[in-house]
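The values are calculated or read from the model by the stated rules, or taken from the named source; none is laboratory data. Predicted model, so just to flag it, every value in this text is computed and none were measured. Reconstructed Cβ throughout: ideal geometry from the backbone, glycine too, with neighbour counts over all protein chains shown. Calculation scope for accessible area: heavy atoms of the full protein, side chains included, ligands and nucleic acids excluded. Shrake-Rupley method; radii C 1.70, N 1.55, O 1.52, S 1.80 Å.
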Amino acid sequence: ATTDVEYVRWTQWIFLQIYDTWFDAEQQKGRPIAELPIPAEIKQQGEDAVRAYQDDHRLAFQSEAPVNWCPALGTVLANEEVIDGKSEVGGHPVVRMPLRQWMLRITAYADRLESDLASLDWSEGIKALQRNWIGRSTGAEVDFYIGGEKGFDSWKQSRAKAGFPRKPADDVLRIYTTRPDTLFGATYMVIAPEHPFVERLTQNGERAAVNAYCEASSRKSDLDRTELAKEKTGVFTGSYAINPVNGREVPIWIADYVLVSYGTGAIMAVPAHDERDLEFAQQFNLDVVAVVDPVDAIPATERAEVLAGKRCFAGLGVAINSSKYDGLKTADFKKKIAADLAKDGLGREAVNYKLRDWLFSRQRFWGEPFPILHELDTTGRPTGRVRAVDATDLPVDLPHLDDFKPHGRPEPPLDKAPDDWLYPVIDGKRYKRETNTMPQWAGSCWYYLRFIDPTNTTAMIDPALEKAWMPVDLYVGGAEHAVLHLLYARFWHKVLFDRGIVSTAEPFQKLVNQGMILGENGEKMSKSRGNVINPDVIVKEYGADSLRLYEMYMGPLEDSKPWSMQDVNGVHNFLNRVWRLLIDDRVESLALNASVVDRPPTADENRVLHRTIEAVTADIDKLKFNTAIARMIEFTNYFTKQTERPREVLEKFVLLLSPFAPHMAEELWLALGHTDTLAKGPWPKFDPDLAREDTIEIPVQVNGKLRSKVAVAADADAKTIEAAAHADARVAELLAGREVLKTIVVPGRLVNFVIKG
RNA sequence: GCCGGAGUGGCGGAAUUGGCAGACGCGCCGGACUCAAAAUCCGGUGACCGCAAGGUCGUGGAGGUUCAAGUCCUCUCUCCGGUACCA
């Protein structure tokens, strides 16, 4: 179990590896924190500055992140537990408040997490889900000047000399856009209510309105902000920015349709070419200037509306109202203006991701404790310095708590731990343990590695074993893990890979999502729908073999399929028929019945057997269990009709059946006189010579319509087959007196005569 | 809206990737066994026309490519899953 202290030890150990890693963007690789280059000016400031700089770059870092705090329940709630700003349980008010949290810098790996998908043998659907979740977009960052109209020209000149700064100064508002070609159509700007410039940009006359607006939006959860998006809301700051490409003064608004956590938290609004911006502009009566002519991409009447600023067009077209860029196609314009902005120091190309850093801490008791200590000063206050628990001191086990219920403060329950756990002393220094715990994802992120070497006490995994077994060549799971678990696990694995602990860049080479079993009414099984099938009941009535076989026979592994009680019975009947093939079911014993004979199989019997071996073996490889079972049913149908069944044939069939119905197959194996388990029996070997058919039926078509069939030798060539087709009475009749324009013969497949008329 | 997947008999589903549409199972119909029923075994079962031989139609819909299309191309409809103010 992931809660076993011996497992927790290594989960915590991996956390320390992540904590000890920074991401080298140049090399696109995680490296030990000791190798992080420290800028000279940081070094000058001393040890604490260096330490802070390092902490800023670790893949595991602390940050203030908003949580849902419910004062009445005295606990922190997950987003799913908050409905309309009230707790799901009890309906108490919930407030968003910032709390110190541990984050994992998964965004550093966004590029690799996306591009490495191409190397994986996963369904396009799951890959698309991950790509969508990572949400890579390319565009440009552009600075709008907010230092007042008088300073604009000199600012622009200085930018042309100095270039585009890495971090924006206070005299500009930096925005991100995927459409730098619409820069001339920016008629206003919007910043998120949480944007750090809100205070500075708000003019005195607007202060009350702005405060009220930001206050209100802070109470809304992310969910509310997006789901209640019927109508755009916003408030004017009273300030203006200057569009760097045309010197136009544009008003700066605050609105919660702009998210502080994406891009730069600020946008240029181009209402003519962005649906949301247009909605907002119409709401607040702001200018709309079309700068992309759709030309013939849309109907002429709609085009006229776009040009008049009455309709949004977000597609590609030709530039207008864009001074020297007029006439450029969107794609060319994008390239041109990105280069020009870079040259003038006004902007640069930029990439953004929807993916956010991973909020990795929970305010719960049950979870792996972080192996982290906070240094305390002599008065017992945290100094801000953090140290990792020595690897030799792992695991950090959970303390015993008499009461781990909420204590009325947003701090985690571990804050109530006994002092001897909570306040360790090392080298005379007093520390407080980290009291947040890790989420359930932590344990599930790497269990596949521990499976390879589960009892190792000196290492997380033996490198030789890791090399021998990894990657996981087939991973079967539900689609509900498409993004979270599979993305998290890939991220951890890549960090371990960069640190040389594992040898593959990806953990799961092939992924298959099994489909859901639906209720008999074709809907998702759920208690509230009353369509839940209890497997225990099926096992009791039909046996575990029948249940297993039925679930494999229902249809393709990856499809959702409705349950059918009648079909369970059908599969159960099949097993009964197999049983009767060997066993006399009129007596209560495991004695073989009289039809089982000790003689070599006939050619026909061998053919049926070996075709079954071939098909079942191939289908298992392709995970097509439903058709594998169908082939075994055909075998059974054939031998049910026979009065004699050679033991040799039955033995091989029982081996084929054993992965599908292991219990019954084992009994039949014993009945056949074996004393050892059939699990040790060899998988039947396919013999193509024995499976070969001497003569086959070839369909004959006239003008593509099936008219007859002729029997020919299995290896007959095209000439022989054509002659046989001509010799067929029915075909001869249809071809009589007709001109044959073309004859297609596919040996082993079919004949098609194309005739006139 | 965007992304992904799927539409085949009364039902679940097959179809070697362009080559006999409906394998196999369920259900249904008929027969054997039985005093009877269950169980079991045998046969039938896409629709329409025909006594039959046989014919026509048929894989959500409309076009197209091809000797040949469930399979490839264009347009379109419906359902399921995911996701969404991501600039």
### Message
Once ligands and nucleic acids are excluded and a 1.4 Å probe is used, how much of A:Leu592 is accessible, expressed in Å² to the nearest 10?
### Response
50 Å²
### Query
Among the lysines in segment A:212-331, how many pairs, 8 or more places apart or on different chains, have alpha carbons under 26 Å apart?
6
## Note on the structure
Using a 1.4 Å probe on heavy atoms of the protein chains only, the accessible area for A:Asp462 in Å², nearest 10, reads 60 Å²
### Residues whose placed amide H lies under 5 Å from that of A:Asp256, excluding near-sequence neighbours
A:Thr233
### Query
Stretch A:Gln566-A:Ala1 to full length: gain in nm at 0.36 nm per residue minus the Cα-Cα span?
199.6 nm
### Summary
The ³J(HN,Hα) series, computed from each phi in segment A:2-10 with the Karplus coefficients 6.51, -1.76 and 1.60 at θ = phi - 60°, rounded to the nearest Hz and given as x for glycine or proline, is 5, 8, 4, 4, 5, 7, 4, 3, 7
### Message
Using +1 at the C-beta of Lys and Arg and -1 at the C-beta of Asp and Glu, which of A:Ile633, A:Asn593, A:Leu582 has the Cα lying farthest in the positive direction of the dipole of segment A:582-636?
### Response
A:Ile633
### Summary
Per DSSP, the loop-located GluC sites (Glu not before Pro) within segment A:636-694 having at most 15 other beta carbons within 10 Å are A:Glu644, A:Glu693
### Summary
Between the modelled labels at A:Glu644 and A:Asp427 (7 Å from Cα along Cα→Cβ) the distance in nm is 8.8 nm
### Approximate spin-label separation A:Asp420-A:Ala727, in nm, with each point projected 7 Å along Cα-to-Cβ
9.8 nm
### Summary
The base-10 log of I(q)/I(0) that the Debye equation returns for segment A:226-301 at q = 0.14, 0.26 Å⁻¹, one scatterer per C-alpha, is -0.55, -1.42
### Query
With θ set to phi - 60° and the Karplus curve 6.51 cos²θ - 1.76 cosθ + 1.60, what are the ³J(HN,Hα) couplings of segment A:501-513 in order, to the nearest whole Hz, using x for Gly and Pro?
8, 10, 9, 10, 6, 10, x, 10, 5, 10, 10, 10, 9
### Task
List the residues whose amide H sits under 5 Å from the amide H of A:Val472, counting only those 5 or more places along or on another chain, with H placed 1.01 Å from N in the peptide plane.
A:Gln509
### Task
Just report the Cα centroid separation between segment A:735-753 and segment A:438-479, whole Å.
60 Å
### Query
Given a 1.4 Å probe, how much area per residue of chain A is accessible, in Å²?
51 Å²
## Note on the structure
Probe 1.4 Å, all chains present, heavy atoms only: A:Ser123 accessible area in Å², nearest 10, is 40 Å²
### Query
What is the Cα convex hull volume of segment A:433-540 when expressed per residue in Å³?
195 Å³
### Task
Choose one of A:Leu201, A:Leu496, A:Val539: the residue whose Cα lies farthest towards the positive end of the charge dipole of chain A (beta-carbon charges +1 Lys, Arg; -1 Asp, Glu; about the Cα centre).
A:Leu201
### Message
I want to make sure I understand the PRE zone here: with the label point 7 angstrom from the Cα of A:Thr695 toward its beta carbon, which residues in segment A:604-619 have backbone N atoms less than 16 Å away?
### Response
A:604
### Query
About its Cα centre, what dipole magnitude does chain A give when the only charges are +1 on Lys and Arg Cβ and -1 on Asp and Glu Cβ, stated in debye to the nearest 20?
1500 debye
### Task
Would you mind checking the pairs A:Lys127/A:Lys494; A:Lys127/A:Lys354; A:Lys161/A:Lys335; A:Lys561/A:Lys685; A:Lys467/A:Lys494; A:Lys540/A:Lys561 and listing those with alpha carbons more than 25 angstrom apart?
A:Lys561/A:Lys685
### Task
Summarise the long-distance tail of P(r) for chain A by giving the % of C-alpha pairs beyond 32 Å.
71 percent
### Among A:503-515, A:448-460, the order from most to least packed when residues are scored by Cβ within 10 Å on average
A:503-515, A:448-460
### Message
Using a 1.4 Å probe on the protein heavy atoms, what percent of the accessible area of chain A belongs to carbon and sulfur?
### Response
51 percent
### Task
Would you give the gap between the C-alpha center of segment A:674-716 and the C-alpha center of segment A:4-77, rounded to a whole Å?
63 Å
### Task
Please work out how much length the chain gains when fully extended from A:Leu259 to A:Glu588, using 0.36 nm per residue of separation minus the C-alpha to C-alpha distance, in nm with one decimal.
111.1 nm
#### Entry: Modelled FRET efficiency - R0 60 Å, A:Arg166 with A:Lys685, Cβ distances, 0.05 increments
0.35
### Summary
Note, segment A:645-660: 3J(HN,Hα) by Karplus (6.51, -1.76, 1.60, θ = phi - 60°), whole Hz, Gly/Pro = x, goes 10, x, 3, 4, 5, 5, 4, 5, 5, 4, 5, 5, 6, 4, x, 8
### Message
Testing the spin-label approximation: label points 7 Å from Cα along Cα→Cβ at A:Ser119 and A:Ala342. State their distance in nm.
### Response
2.8 nm
### Summary
In this structure, the FRET efficiency calculated for A:Ala391 and A:Asp153 from their beta-carbon separation, with R0 = 45 Å, to the nearest 0.05, is 0.15
### Summary
Zone reached by a paramagnetic label modelled 7 Å from A:Glu614 Cα along Cα→Cβ, restricted to segment A:710-746 with backbone N below 18 Å, covers A:712-717
